[in-house]
Ligand code: BTN
């Protein structure tokens with residue numbers, strides 16, 4: 001099974017639906033503005049997976065662009081209609097990260113998660129962008145798969161660079177979509193501790209000295225834990241506890 005992820009020259013991304021269970025409804029596009037934008041724009045059913053080979057305006061966090069060249073990486077969005085009340089929705093982001101990491105961890109040495117939702121192994125291997133509108137949640141996932149060079153300012157890496165293998169994007173996408181749906185269901189069914197505990201095991205900032213930025217505010221302190229809503233708890237240098245629901249953290253001393 002493991003070697004199924006590696007390239008055999010027969011990747012068929014557009015036929016990923018053949019690898020998916022019935023709860024997932026796969027829609028593939030050669031080129032889109034953004035899979036998240038299309039997932040938001042139309043009334044897709046529960047479990048719709050919108051994937052593209054390339055994106056012209058891939059959305060990153062904090063209004064950034066997610067560079068999305070063709071033929072190399074994975075860009076997809078999963079549509080989910082939670083039953084939980086809105087104040088619990090923050091945790092769906094942790095659930096997506098944990099499920100993504102679980103698929104990749106057996107192959108990627110030192111894989112971790114960096115709050116709020118970066119997949120890292122040395123550099124940034126992937127990113128997750130959750131967007132909500134009305135009763136719909138869109139979990140957008142970008143993974144650097146077979147790309148081998150990146151602009152240095154991105155501090156990015158890829159599965160190819162981490163493992164020295166070419167990856168089959170169709171099989172990887174099928175495993176990720178299945179895992180993410182299962183993890184979203186776990187959170188939606190109230191299995192909060194399970195998801196948060198899995199997150200704690202992977203988070204590379206917990207217990208470390210960090211600089212956190214939230215809007216224009218800069219907090220220097222120690223990342224203590226993630227709270228029940230997925231917020232990062234940072235104790236600053238005078239002992240005040242801050243709960244971050246958005247923003248970014250950097251390690252002050254590189255691990
Ligand atoms: C981040 O900034 O780390 C989050 C990046 C999320 C990128 C993915 S690619 C697929 C999906 N569609 C988008 O437009 N963005 C997300």
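Every number in this text was worked out from the coordinates using simple rules, so none of it is lab data. Computed from a predicted model, the values in this text were never measured in an experiment. We place every Cβ from the backbone using ideal geometry, glycine too, and count neighbours over all the protein chains shown.
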Between the helical axis of 169-188 and the dominant principal axis of the chain, each derived from Cα atoms, what acute angle in degrees is found, rounded to the nearest 10? 50 degrees
Which length gain, in nm to one decimal place, applies between residue 251 and residue 29 when the Cα-Cα distance is subtracted from 0.36 nm times their residue separation? 76.2 nm
Share of antiparallel DSSP beta bridges in region 1-117, in percent to the nearest 5? 40 percent
Percentage of Cα-Cα pair distances in the chain greater than 29 Å, rounded to whole percent? 26 percent
Using Cα centres only, tell me the gap between region 2-67 and region 131-166 in whole Å. 12 Å
Sort 218-228, 165-175 for me by packing, meaning the mean count of neighbouring Cβ atoms within 10 Å per residue, highest on top. 165-175, 218-228
Rounded if a/c is under 1.5, else prolate if a/b is larger than b/c, else oblate: which is region 168-228, with a ≥ b ≥ c the root eigenvalues of its Cα gyration tensor? prolate
Going by a ≥ b ≥ c, the root eigenvalues of the Cα gyration tensor, does region 1-148 fall in the rounded group (a/c under 1.5), the prolate group (a/b larger than b/c) or the oblate group? rounded
Taking 8 Å as the Cα distance limit and 6 or more residues as the minimum spacing, I'd like the relative contact order of region 172-255 as a percentage. 22 percent
Taking the chain as the reference, fit the longest principal axis to its C-alpha atoms, fit the long axis of helix 192-202 to the helix C-alpha atoms, and give the angle between the two in degrees, 0 to 90, nearest 10. 90 degrees
So for the pair residue 136, residue 237, with labels modelled 7 Å out along Cα→Cβ, what separation do we get in nm? 4.6 nm
Could you tell me which of rounded, prolate or oblate describes region 68-188, using a ≥ b ≥ c as the square roots of the eigenvalues of the alpha-carbon gyration tensor, with rounded for a/c under 1.5 and, failing that, prolate when a/b is larger than b/c and oblate otherwise? prolate
When all Cα-Cα pair distances of region 1-55 are considered, the percent exceeding 15 Å is 56 percent
Compute the helix-to-body angle for 91-104: its Cα long axis versus the longest principal axis of the chain, expressed 0 to 90° and rounded to tens. 60 degrees
